[in-house]
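A short worksheet on the structure shown next.
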Amino acid sequence: MTVQKRSVLSAIAILAFSLFTGAGTASASTLEVSPPGANDWGCKPGAAHPYPVVLVPGTFENMAKNWSTLSPVLKSEGYCVFALNYGESNGIDASGPIADSARELASFVDAVLAATGARQVDVVGHSQGGMMPRYYMGFLGGAKKVHHLVGISPSNHGTTGLILPPPDGAPSEMQLFAPFCQACVDQEAGSAFLTGLNSIGDTVRGPAYTVISTIHDEVVTPYQSQFLSGSAAQVTNVTIQNMCPLDPIEHDQTPNDPVVHQWVLNALAHQDGPADPGFRPACL
């Protein structure tokens, strides 16, 4: 490899790492700190909200950071809220192979169902956390245990977010992540993982799906790749700016956007389908 190629690859690795870390990596040293309102294992769902809500963070995130604002909102509305960390690799949360992370989610959901006595959960996930549950639902028997999947900026069809095109014959930016972030490789558009995941279709029979996306997403690009195909009775794809055109929210902060919170509450309120596509949130 020439010096020029090595220099370009180094620059790509640094820039790509900066893109995916956003505000900074979530170290596994912060492991079991729950967000406010989450992981009350004595909580019992009531008739108004019969499904416990499981919050699933995104790549490099932990539950405490990712859900610091949405978790207390859900709790204040009367939901039993649970959250987990997963996919720890090399001391970095949510960076391991996504199929392995889905198995961790499966065990966590079983624990939530056993503790609450509920028959199903609603899952709300950000980025990787909005896509990974689809593997659990499609390949690990999770479809019968999930009532509704709400994905916030989910990487359903991966990202084409290349900052610089790699030289001929060089690995992609995502592949450069492989030694310390297999989840990044798995989320590259066209990856072996995503090809397998989507080979059975975007949805499986049973659960409802709501996808909430922003046109300002700079990580999962193009943002339309986040959307899922399916009937209106099963799938609602939301673009935040269709109702709130001045909302500047980008990828990392979508779980903290009050407009997103309203969409999540609308989605969870529907016990027989996805969010109402005609819902008009209060734009802030």
Taking region 110-131, which residues are over 12 Å from I152 (Cα atoms), touching a helix residue (DSSP H, G or I) at 6+ places or on another chain (Cβ under 7 Å) and either in a helix (DSSP H, G or I) or β-branched (V, I, T) (or both)?
V121
Across (1) of a type in the set (V, I, T); (2) surrounded by fewer than 21 Cβ atoms within 10 Å (Cβ to Cβ); (3) in contact (Cβ under 8 Å) with a residue 60 or more places away in the chain; (4) not in a loop (DSSP other than H, G, I, E, B), I200 clears everything bar (4)
Of all residues making up region 250-284, the number that are over 16 Å from the mean Cα position of the chain (by Cα) and either without any contact (Cβ under 8 Å) to a residue 60 or more places away in the chain or over 16 Å from L74 (Cβ atoms) (or both)
17
Exactly one of V238, V220, V211, V260 is assigned to a loop (DSSP other than H, G, I, E, B), in contact with a strand residue (DSSP E or B) (Cβ under 9 Å, 6 or more places away or on another chain) and modelled with pLDDT of 95 or more, and that one is V220
So, in region 263-284, exactly how many residues are part of a helix (DSSP H, G or I) and either among the small types (G, A, S) or touching a His at 6+ places or on another chain (Cβ under 8 Å) (or both)?
3
Note: among N62, N39, N66, just one is of a type in the set (S, T, N, Q), at pLDDT 50 or above and over 19 Å from V121 (Cβ atoms), namely N62
Filter result for S101 (of a type in the set (S, T, N, Q), at pLDDT 95 or above and in contact with a helix residue (DSSP H, G or I) (Cβ under 8 Å, 6 or more places away or on another chain))
yes
Selected residue (criterion: farthest from P133 (Cα to Cα)) from residues of region 181-197 that are touching a residue at least 40 places away in the same chain (Cβ under 8 Å), assigned to a helix (DSSP H, G or I) and out of contact with any Pro (no Cβ under 6 Å at 6 or more places or on another chain):
C184
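The values are calculated or read from the model by the stated rules, or taken from the named source; none is laboratory data. Bear in mind the structure is a predicted one, so any value in this text is a computation, not a measurement. Glycine also receives a Cβ, built like all others from the backbone with ideal geometry; neighbour counts cover every protein chain displayed.
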